[in-house]
Amino acid sequence: MRIKDKYINPFTDFGFKKLFGTELNKDILIDFLNELLRKEQGKIVDLTYLSNEHLGRAIEDRKAIFDIYCENEKGEKFIVEMQKAKQNYFKDRSIYYSTFPIQEQAQKGNQWNFKLKAIYTIGILDFIFDDDKKDKEVFHHVVQLFNKQTQKIFYNKLTYIYLEMPKFTKSEAELETHFDKWLFVLKNLSNFNSRPTKLQNKVFKHLFEQAKIANYSDKEYSEYETSLKVYRDLKNSIDTAFSDGKIEGKTEGKVEGIIEGIIEGKVEGKVEGSQNKQIEIAKLMKQASESIEKIIKYTGLTRTEIENL
């Protein structure tokens, strides 16, 4: 595959972590989170990146791997996920993920008063929720614990924010706020040939410099090339399966059915090549939070190979 784009696709694993997940580009993440969360928690001054891999309290418990996990100067935690394709129980998964930074705050001994720091789980979605398709206007969802009787927020330290990016359709001429500009660049970055006139801010200048494919080393280019292929293949496969509601001869709406459809070539956008196919299936299953044992069963890869993906 020869990449003709000038800038990387931020919906790829490589692209998202390149732009938002490194110390060099911390200012980019801070600016984005400030635009997204200023009303909820005020201005973020600094961020510290934390380990993105989290184990359950017992060794046999399932682990979670976040795209980006960080905390601000007040100790508040942020999970930032780029979700490139539909997934069964995605909302359940994001709730489950938020339990890890909750448990991590527990203090040993009998003196802890259970006071928690705020936690924000952010999902940048390259799809639309099935139960939200009819509402074409609302794409920015802010969810907190809510008291139905009083119509007031019951607890404001646990916040889930979802951005349904396909619903954002503004052109450059229609951009009004800095937040608009952020959504515009996230959705369209890989389609640009140059930096748009309305994206001349310092933070966007830095972002476009980091996103320019021509600046990458051979190793980085190869990693991005692989990441882009995974994105295209898996998104096409999963979204097609969900759109159709089933996979030929397989279980409706199940991750297993999608995987088997890829294996047997019954899903549009199938992954070519035996070894590559097993690797992509393993990545898909990890994304769906399937167990290591099930991934080994479907792919034949070793535990070490799977854990290193």
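Each reported figure results from applying straightforward, stated rules to the coordinates on display, with no laboratory input. Remember, predicted model here, so these are calculated numbers, not experimental data. Quick reminder, even Gly has a Cβ in these numbers, built from the backbone with ideal geometry, and neighbours come from all protein chains shown.
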- [ ] Using the structure shown, select from LYS86/LYS134; LYS39/LYS157; LYS43/LYS286; LYS86/LYS229 the pairs with a Cα to Cα distance greater than 24 angstrom.
- [x] LYS43/LYS286
Task: Relative packing of peptides 10-21, 173-184 - highest average C-beta neighbours within 10 Å first - done: 10-21, 173-184
Open item on the list: Per 0.36 nm of contour for each residue apart, how much would the distance between PHE154 and LEU309 grow if the chain were fully extended, relative to their Cα-Cα spacing?
Closed with: 51.8 nm
Open item on the list: Could you tell me the calculated FRET efficiency between LYS115 and PHE146, based on Cβ-Cβ distance and R0 = 25 angstrom, to the nearest 0.05?
Closed with: 0.70
- [ ] Would you mind putting 68-80, 96-108 in packing order, based on average other-beta-carbon counts within 10 Å, highest first?
- [x] 68-80, 96-108
Open item on the list: Quick check on packing: order 222-228, 211-217, 31-37, 279-285 by the mean number of other C-beta atoms within 10 Å, highest mean leading.
Closed with: 279-285, 31-37, 222-228, 211-217
Task: Net lengthening on full extension, ASP180/TYR96 (0.36 nm per residue, minus Cα-Cα) - done: 27.3 nm
